[in-house]
Amino acid sequence: MNAAVIQLSSQDDVNANLARCRDLVMDAARAGAELAALPENFAFMGDESKKREIAERVCDARGPIASALVRMASDARCWIVAGGMPEASDDPSRPYNTSILVSPERGVVACYRKIHLFDVDLPDGTKLLESAATCAGDKPIVAEMRNKTGAAVRLGMTICYDVRFPELYRKLTIDGARMVTVPAAFTVPTGKDHWHVLLRARAVENQIFVLAPAQHGKHPRGRQTYGKSLIVDPWGDVLAQAPEGEGFAMARLDFAAQDRVRASLPCLSHRRL
């Protein structure tokens, strides 16, 4: 399967962000991508009050953001993993941070609500309290998609801060995931020290492909993100990395090679816990 991770520098204009997403998804599809992954906050990065205003019920694809993604997947003829985006919850002040899987034929086929919320005081003085404005999910999600030959492939879905919790990735692997998406908006201080090592570790310990589309650059409210969107293979090698700025990186995911890795180093079958 050919997969692309799309790197954005999203701002607080939803329509402009979606237009940029569409351009890059179409470019990736023209380059041969069967799956295009968009980063966390692809549709909006800005004030929490506006985030609450644009939250929608995503799984029925009737809202403006989800419906735009359905059209995008259909027009590009490729699968899309999108976000983190605001999904309306029972608490109007705290939407979910939700990633969705969109089929080119069937629209939204899976929704994952971010389980681990980013509440930190960073050494540079940055304070982030995601839980104050976001509801946490509680269900790991593995969804089935198909490549252009019709072969089924199981995809695990996570978002950003989830990558620090290896037990989630092991659960997704046990549930059959061959690849896992990690759409992210990593801060610069954590990104420069932890981004590559965390993603490669999750790939190696579970012998999975990791697809990590990321935000890059400067955003409203003084936020700055690290970028370096990656695709990592089950041996821990970086197959592709996006350059600075907006764009995409693409790689071929060889599942037969993954099977060989798992057969030659059968650590998953040696688990004792």
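A few notes on this one:
- Among the residues listed as G156, G63, the single one being of a type outside the set (D, E), touching a strand residue (DSSP E or B) at 6+ places or on another chain (Cβ under 8 Å) and farther than 26 Å from Q207 by Cβ: G63
- Within the range 3-39, the set of residues being outside any helix (DSSP H, G or I) and of a type in the set (A, V, I, L, M, F, W, C) comprises A3, A4, V5, I6, L8, A31, A33, L35, A36, A37, L38.
- Residues that are at negative phi, in contact with a helix residue (DSSP H, G or I) (Cβ under 8 Å, 6 or more places away or on another chain) and part of a strand (DSSP E or B), drawn from the range 69-116: W79, I80, A82, G84, M85, P86, N97, I100, V102, S103, V108
- Criterion (small (G, A, S) and touching a Gly at 6+ places or on another chain (Cβ under 8 Å)) met by exactly one of A133, A66, A61, A151: A61
- Strands (runs of 3 or more DSSP E) (entirely within the range 211-273) containing at least 3 residues that are surrounded by 15 or more Cβ atoms within 10 Å (Cβ to Cβ) and small (G, A, S): 247-252
- Breaking point among (1) under 29 Å from G150 (Cβ atoms); (2) over 19 Å from the mean Cα position of the chain (by Cα); (3) at pLDDT below 95, for C59: (2)
- Selection count where residues are open to solvent by less than 40 Å² (accessible area, probe 1.4 Å) and either more than 23 Å from S49 (Cα to Cα) or within 14 Å of the chain's Cα centre (by Cα) (or both), scope the range 117-140: 1
- In the condition set (1) of a type in the set (A, V, I, L, M, F, W, C); (2) assigned to a loop (DSSP other than H, G, I, E, B); (3) in contact with a Pro (Cβ under 7 Å, 6 or more places away or on another chain), F42 is compliant with all but (3).
- Test result for V204, surrounded by 20 or more Cβ atoms within 10 Å (Cβ to Cβ), part of a helix (DSSP H, G or I) and hydrophobic (A, V, I, L, M, F, W, C): no
The values are calculated or read from the model by the stated rules, or taken from the named source; none is laboratory data. All of these numbers come straight from a predicted model, not from anything done at the bench. No Cβ is skipped: glycine too gets one built from the backbone with ideal geometry, and neighbour counts run over all protein chains shown. Accessible surface is based on the protein model in full, side chains and every heavy atom, while ligands, DNA and RNA are left aside. Shrake-Rupley method; radii C 1.70, N 1.55, O 1.52, S 1.80 Å.
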